Each structure stands twice: as C-alpha cells, then as structure tokens.
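Structure record follows, encoded as structure tokens.
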Amino acid sequence: MTTNIPGFVQIIKVNDFLPGDPPIDITDIVHRTDSGATPRILARLETDKPDGEQPPSPPKFFSIARRCTHAGCNILKGSPNWATADRPIVFSMLGEGATVYPVIQCPCHGSRFDLTTGKRLLGPAPPGANLAQFETRIETVGEDAYVFVALAATA
Ligand code: FES
C-alpha cells in the first residue's frame, strides 16, 4: 500500500528495517519518483533501553547522500580488505566536547561522516565537504508505519 506525501518518497515499512540492521541503499526506490535525485542511504539508529522497564525508544531514521565528497566512492560498500566486505563500515567515534558520533567510513580512503547528519568528521574529504542530508518522516499507511524520505536535501 502506498500514499502520496508531496516532496517525499515512501521507502520501507518501519518493521521491515530493525534496530541493528546495517544502513541500506534506497537510491533505486527514490529514482522511481525522480530519476535525477541524489543517490542516498537510509539508516536506523535508535537503541532500545537495556532495563526492559522503559518503553523502547521511538524509531529514528536518517538519510544521507551515498557518494563520498572526496572522490565519489559509494560509502555503503565495505572495503575489499574488510572482513564483511558487503556491509558498510559503521561505528561510534568520540568527537569534540565528548560528543559521540555514529560514523560511516568511506571504504576508499577512510573519510568519516556523521551518519545522522552527513557532517564530515575526518578527511581526506576536505573540511566542510559534508554529505547531503534528507529529512525522514514516519507515517501510517493502512495498518502499517512507513518511512518516508524527502526528495530534496535539507538546506
Ligand atoms: S572517496 Fe571517500 S575517502 Fe576518498
């Protein structure tokens, strides 16, 4: 079942993309609506509370551009030398002011980007060469909740 939200593309059922799943490439889905749209990925990043007493945190989805701002590599492809070559390289990194960033690392030369915002954290991508970020929304369609991603980048 689909619905139309102007400026957004319906991507995937929330329950089909679970916490802990690696980021996915949503370029083909977005291109069905706009063949010229920026290639992009979708990540789910909330963590469930450990004590079981608290309600689980709400789903949080993030979408950023797929093409590295250094030399254009696909940030979603693991390094050929990486043990899990088909999975993206994702980890947490401590940044300025003790901020912990969820990081995706480009497999080609190691540039690092904040997975939630696309902000460039480490080169060789030059300072300020951030990945485009796309707004996400969760909307109910029929009986199910779906993730929608904006066609245009966040300004
Ligand atoms: S292409 Fe991504 S770090 Fe060089």
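The values are calculated or read from the model by the stated rules, or taken from the named source; none is laboratory data. Remember, it's a predicted structure, so these values are computed and weren't measured experimentally. Heads up, the Cβs are rebuilt from the backbone with ideal geometry, glycines too, and the neighbour counts pull from every protein chain shown. Side chains are part of the model used for accessible areas, which takes the heavy atoms of the whole protein and leaves out ligands, DNA and RNA. Shrake-Rupley method; radii C 1.70, N 1.55, O 1.52, S 1.80 Å.
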query: If we scan region 71-93, do we find a residue that is open to solvent by 30 Å² or more (accessible area, probe 1.4 Å), modelled with pLDDT of 75 or more and under 14 Å from VAL147 (Cβ atoms)?
result: no
query: Does PRO107 fit the bill of being at pLDDT 95 or above and within 12 Å of the ligand (Cβ to nearest atom)?
result: no
message: All but one of (1) in a loop (DSSP other than H, G, I, E, B); (2) within 30 Å of THR3 (Cα to Cα) hold for PRO127; state the number of the condition that does not hold.
response: (2)
- prompt: Any residue at all in region 38-48 that is within 18 Å of the chain's Cα centre (by Cα), modelled with pLDDT of 95 or more, closer than 24 Å to ILE138 by Cβ and open to solvent by 50 Å² or more (accessible area, probe 1.4 Å)?
  reply: yes
query: Is there any pair with a first residue in region 93-104 that is in contact (Cβ under 8 Å) with a residue 24 or more places away in the chain and a second that is among the aromatic types (Phe, Trp, Tyr) whose Cβ atoms are under 7 Å apart and which are 6 or more apart or on different chains, and what are they?
result: MET93/TYR101; GLY95/TYR101; ILE104/PHE113
